[in-house]
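Q: To start, I am sharing the structure in question, which I have written as structure tokens.
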Amino acid sequence: MLGVGRRGPLGRDAGPEAGGGASAAPQALEEHAAWVVLAGARGVGPVTFERLLATFGSAVGVLRAACETGAVPRLVEASAAPDAPPALTAVAAATVVEAAAEPERALAAVRRAGVTVLTQRDESYPRRLRQVELPPPVLFVRGEVAALSPAHAVAVVGTRRPTAIGRATAGRIAEAVGAHGASVVSGLAYGIDAAAHHAAVRRGAPTVAVIGGGHEHLYPAGNRGLATAIVAGGGAVVTEFAPDVAPSRGTFPRRNRIISGLSDATIVVEAGARSGALTTAAWALEQGRALFIVPGRLDDPAVAGSLAFLREAGPEARVVAGIAELVEDLGLEDVGVAWAAAATGDARSAAGLGAAEALVAGALRRGAGSPDELVAATGLPGAAVLAALTTLELRGLVVEVLGRYQPTGRLADCPRRLPRAMGQGAAGMPAV
């Protein structure tokens, strides 16, 4: 947790007007806390932050300058670059002056939210995010900081109003990513984002939610329970916005660049013509990250944006041709687990499968093929059946043909007499 505000606010020689005087307290903030105060000032983004630090040498230096006479025009001038106009308006500069005069307001919001603060000066700042142009100066994190820098990370994004197929596809992709030890990154929005997070949580894989506002204004409110589950599962909820910042139209594009920046690759599942997921896709290409897009039916509004982006991006965007193919294209580890124990009666340990996968495998062997038939045969929820099918498909044990699933590989070769555990219903089983 950030230890902030211990030394009091900056400045001396208080004056009566903004920019015309300084705070009455003479002591200086620690640099780490000064980053929080400066980054939290309205109108200060990564460009402005970087230019101000370049001029004044430190965040403490910026805030001290903001407490001096004539601070507003000086800050505006300092935010300019040799070949670029000032990044800071006079109105935004006045907010920096206000923040410098009352730094405790920003620091109290951080303490109240109970979040961990990471600055670019911290070793635990996400390594992938350091590599992008103008990364966020400060991150506010609830959950495991280590979840922001896993060995492999894949973003799964899409529309807030997905089709049933799109929602299921997002879950299958997230399940596959989690099964191969990668973290799932998304934006906690309704629709595709939520489906991806839920699938990762069910799988027990860490997932990271990047939100478009401060932690005190978590949006959408309907996903608060999901956010809690993400943190409880070893993941994290992260934002570049101070806890008291409400989400707005302008905050979500900034959120989207962090989603792609935290990931090795971004996968767009469904995106309409104006979907914000297309902004994430554009950021992924801008940041030099891999981009994959799930194609859809022609003239389907749900994928109009996806298809248009594929047409415009050309070879820079790759098509998702299947779950197994996607895993290979992402360069994730090949599971390569055999179905060696299927015929010995040890269904739960066969290929490392859990109870749900064993039940679905048994139902497939008995002739069930569609997801609806598998739900009826196993008694499992639809989402659990789809997750199990993804796992079996990844292991080369199931193949989809014209909307139906059938055993393949060693599952097709093993004897028809299956272990009883694979033929029983779901009664008495733990929730999946």
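Q: Counting every Cα pair in the range 248-294, what percent are over 16 Å apart?
A: Details: 332 of 1081 pairs.
Of all Cα-Cα pairs in the range 248-294, 31 percent lie more than 16 Å apart.
Q: Still on this structure, I have one more. Quick one: length gained pulling residue 164 to residue 221 fully straight, 0.36 nm per residue minus the C-alpha distance?
A: 18.3 nm
Q: While we're here: Rounded, prolate or oblate for the range 31-113? Axes are the square roots of the Cα gyration tensor eigenvalues, ordered a ≥ b ≥ c, and the cut-off for rounded is a/c under 1.5. Could you put the intermediate results ahead of the total?
A: On the way: a/c = 1.83, a/b = 1.65, b/c = 1.11.
Here the range 31-113 falls in the prolate category.
Q: Then there's this: When a footprinting reagent is the concern and you count Cβ atoms within 10 Å, what order do 48, 89 take, fewest first?
A: On the way: 48 25, 89 14.
Exposure proxy ranking, most exposed first: 89, 48.
Q: Ok, one more. At 0.36 nm per residue, minus the direct Cα-Cα distance, what do residue 112 and residue 249 gain on full extension? Give it in nm, one decimal, please. Mind dumping the intermediate values first?
A: Numbers: separation 137, 0.36 × 137 = 49.32 nm, distance 2.53 nm.
Gain in length upon complete extension: 46.8 nm.
Q: Evaluate E = 1/(1 + (r/R0)^6) for residue 91 and residue 152, where r is the Cβ-Cβ distance and R0 equals 56 Å; express this FRET efficiency to the nearest 0.05.
A: Plugging the Cβ-Cβ distance into 1/(1 + (r/R0)^6) gives 0.85.
Q: For residue 124 and residue 319, what is the calculated FRET efficiency with R₀ set at 22 Å and r taken between the beta-carbons, to the nearest 0.05?
A: Values: r = 36 Å, r/R0 = 1.64.
My answer for the efficiency is 0.05.
Q: I've got another one for you. Stick to Cα atoms and the Kirkwood definition of Rh, then tell me Rg/Rh for the range 127-330.
A: Ratio of gyration radius to Kirkwood radius for the range 127-330: 0.93.
Q: What nm value, rounded to one decimal, do you get for the distance between residue 286 and residue 134 when each label is placed 7 Å out toward the C-beta?
A: 0.8 nm
Q: Still on this model: What does the charge add up to near residue 132, with Lys and Arg as +1, Asp and Glu as -1, over the other residues with Cβ less than 15 Å from its Cβ?
A: Around residue 132, the surrounding residues sum to +2.
Q: Rounded to the nearest 5, what is the percent of antiparallel bridges among the DSSP beta bridges in the range 138-264?
A: Taking every DSSP beta bridge with both residues in the range 138-264, the antiparallel ones total about 30 percent.
Q: For residue 308 and residue 30 in one chain, what is 0.36 nm times their gap in residues minus the Cα-Cα distance, to one decimal in nm?
A: 95.2 nm
Q: I've got another one for you. Counting other C-beta atoms within 10 Å, which of 405, 219 has the fewest, and how do the rest follow? Could the numbers behind the result be given before it?
A: Values: 405 22, 219 18.
By the 10 Å Cβ count, ascending: 219, 405.
Q: Using the Cα centre of the range 156-287 as the reference point, and only Cβ charges (+1 on K/R, -1 on D/E), how large is the resulting charge dipole? Debye, rounded to the nearest 20.
A: Details: 12 positive and 8 negative charges, 70 e Å.
Roughly 340 debye for the range 156-287.
Q: If one computes P(r) from the Cα atoms of the range 83-133, what percent of pairs lie at distances over 16 Å?
A: Numbers: 831 of 1275 pairs.
Cα-Cα pairs of the range 83-133 separated by over 16 Å account for 65 percent.
Q: Here's another thing I want to ask about it. Quick one: 72, 319, 401, fewest Cβ neighbours within 10 Å first, how do they rank?
A: Ordered from fewest to most neighbouring Cβ atoms within 10 Å, 72, 319, 401 come out as 401, 319, 72.
Where a number appears in this text, it was derived from the coordinates with a stated rule and is not lab data. Predicted model, so just to flag it, every value in this text is computed and none were measured. With ideal geometry, Cβ positions are generated from the backbone for all residues, glycine too; neighbour counts draw on all protein chains shown.
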